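Written below as structure tokens is the structure these notes are about.
The values are calculated or read from the model by the stated rules, or taken from the named source; none is laboratory data. Just so we're clear, the structure is a prediction, and the values are computed from it rather than from any experiment. Note that each Cβ is placed from the backbone with ideal geometry, even for glycine, and that neighbours are counted across all protein chains shown. When the accessible area is computed, the model is the full protein with side chains, heavy atoms only, and any ligands, DNA or RNA have been set aside. Shrake-Rupley method; radii C 1.70, N 1.55, O 1.52, S 1.80 Å.
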Amino acid sequence: MAKRRVVVVTYPGSQALDITGPVEVFDTATRLLDRTDAGYLVECVSAQAPLVRTCSGVAIEAAPLAAADGPVDTLLVPGGWGLHDALADDALISWIATAAARSRRVTSVCGGAFLLAEAGLLAGRRATTHWAYSADMARRYPDVVVDPKPIFIRDGRFMTSAGVSTGIDMALSLVEEDHGPRLALEVARYLVLFFKRHGEQSQFSAVMDAQFATDAPIRAAQEWALDNLGRPLLVADMAQRANMSPRHFARVFRREAGVTPGQYVEQARIARGRRLLETTELPVTSVARRCGFTTAETFLRAFSRTVGVTPTEYRDRFQTTSAVGVAVDSDRVGAVPR
């Protein structure tokens with residue numbers, strides 16, 4: 001079996017971890033295979049060869065784009081703070097489109113999905129990117145079905161991953177596809193990675209999907225709701241805080257926040273639940289009560305539906321408390337003003 005050729009296109013201001021994360025996974029897999037005829041041959045290429053400075057200042061050694069001529073197994077396109085200039089580089093976009101045509105798989109990390117979309121490669125396809133930029137991507141490329149929640153999405157031979165570190169998850173899944181789960185698990189263990197987050201799992205952003213409204217009465221109702229999540233919250237109660245009728249309030253709220261009042265309250269409760277699971281050792285039943293859920297079962301269903309894992313699984317992966325487990329409760333967890 002010949003080594004699989006992985007070509008990583010780099011550009012000034014690209015994200016170092018978008019590049020080095022997947023590269024380390026492919027390199028470790030090759031070393032663990034310990035065979036000269038298996039694994040991956042990784043090549044970094046750039047129009048700015050031989051050295052490309054990433055947005056963090058780390059320089060990547062790269063070959064010219066012409067060095068990537070010929071068949072490619074996996075093309076990888078990173079994101080980074082230099083994405084804006086890269087999107088305006090017609091020659092780079094054209095090269096990506098041409099290279100993709102001779103690649104078995106085409107992948108992106110974080111904002112790299114913008115470059116694939118700009119090259120016309122994601123039209124009619126489902127894709128993801130960093131949760132903070134997904135709305136912008138959906139507006140800029142209406143022919144792409146943008147889903148901000150999964151850590152990576154595969155649509156045919158195209159695979160897009162979400163924010164930064166999810167490129168590592170994507171690379172592990174590719175190793176598993178190419179060489180089986182045993183090798184992928186060995187790679188994860190060697191690199192001390194979590195194995196494995198499923199592609200459809202939430203990105204676990206700490207930001208609520210619904211943001212504070214700019215309309216002062218609606219914002220006042222949102223703030224009041226965040227201060228009272230532990231009690232029953234009715235639309236009529238929130239409307240009263242905005243000095244509106246419930247029907248008018250519901251209509252204006254949806255226009256301003258993008259969700260219904262009920263959806264906003266549930267998202268706020270889930271955001272508080274995340275923080276309590278991360279920062280306390282409170283039992284799940286207590287977390288549910290503090291978040292305003294009537295039963296632990298209701299909390300479990302809502303949390304699993306929204307986040308993609310159970311509260312217990314989430315705590316196992318993201319708890320940051322000491323052994324003492326100091327209970328920290330912030331009423332406004334996850335509410336980020338525009």
(request) Set Lys and Arg Cβ to +1 and Asp and Glu Cβ to -1, take the dipole of the chain about its Cα centre, and tell me which of 221, 96, 138 lies farthest positive. (result) 221
(request) For the chain, find the longest principal axis of its Cα atoms and tell me its angle to the long axis of helix 246-257, 0 to 90°, nearest 10. (result) 20 degrees
(message) Looking at the calculated P(r) for region 259-313, what percent of the C-alpha pair distances fall above 18 Å?
(response) 20 percent
(request) For helix 181-190, report the angle its Cα long axis makes with the longest principal axis of the Cα atoms of the chain; keep it between 0 and 90° and round to the nearest 10°. (result) 80 degrees
(request) Considering only protein heavy atoms, with the full assembly of protein chains and a 1.4 angstrom probe, order 129, 214 by accessible area, largest first. (result) 214, 129
(request) With +1 on each Lys and Arg Cβ and -1 on each Asp and Glu Cβ, and nothing else charged, work out how big the dipole of region 24-154 is about its Cα centre, in Debye to the nearest 20. (result) 480 debye
(request) Provide the per residue accessible area, probe 1.4 Å, for region 229-289, rounded to a whole number of square angstrom. (result) 50 Å²
(message) I'd like the trypsin sites (Lys or Arg not before Pro) in region 1-71 restricted to DSSP loop residues with at most 13 other Cβ atoms within 10 Å, sorted by number.
(response) 35
(request) Please calculate how many Å² of accessible area region 59-148 carries per residue, with a 1.4 Å probe and no DNA, RNA or ligand atoms counted. (result) 42 Å²
(request) Please go through region 91-127 and write out the trypsin sites (Lys or Arg not before Pro) that DSSP classes as loop and that have at most 15 other C-beta atoms within 10 Å. (result) 102
(request) Take every Cα pair under 8 Å in region 268-323 that's 6+ residues apart, average their separations, divide by the length, and report that relative contact order as a whole percent. (result) 41 percent
(request) Using only the Cα atoms, work out Rg/Rh for region 230-296, with Rh taken as the Kirkwood radius, to two decimals. (result) 1.07
(message) Calculate the FRET efficiency for residue 237 and residue 88 from the Cβ-Cβ distance with a Förster distance of 35 Å, rounded to the nearest 0.05.
(response) 0.10
(request) Mind jotting down the distance between the C-alpha centroids of region 84-119 and region 1-30, whole Å? (result) 15 Å
(message) Restricting to DSSP loop positions (anything but H, G, I, E, B) with no more than 14 other Cβ atoms inside 10 Å of their own Cβ, which trypsin sites (Lys or Arg not before Pro) remain in region 134-178?
(response) 157
(message) Test of understanding: express the Cα radius of gyration of region 24-137 as a ratio to 2.2 N^0.38 Å, with N the residue count.
(response) 1.12
(request) Taking only the C-alpha atoms, wrap a convex hull around the chain and report its volume per residue in Å³ as a whole number. (result) 148 Å³
(message) Please return the longest range in the chain lying between exposed loop sites, taking chymotrypsin sites (Phe, Trp or Tyr not before Pro), DSSP loop only, at most 15 other beta-carbon atoms within 10 Å, and leaving the sites out.
(response) 196-338
(message) Just the number: Rg to Rh for region 70-157, Cα atoms, Kirkwood Rh, two decimals.
(response) 0.93
(request) Quick one: dipole size for the chain, taken about the Cα centre, charges +1 on Lys/Arg Cβ and -1 on Asp/Glu Cβ, in debye to the nearest 20. (result) 1000 debye
(message) If Rh is defined by the Kirkwood formula over all Cα pairs and Rg also comes from Cα, what ratio Rg/Rh do you get for region 125-171?
(response) 0.95
(message) Of all beta bridges DSSP finds with both residues in the chain, what is the antiparallel percent, to the nearest 5?
(response) 30 percent
(message) What distance in nm lies between label points placed 7 Å from Cα along the C-beta direction at residue 319 and residue 157?
(response) 4.6 nm
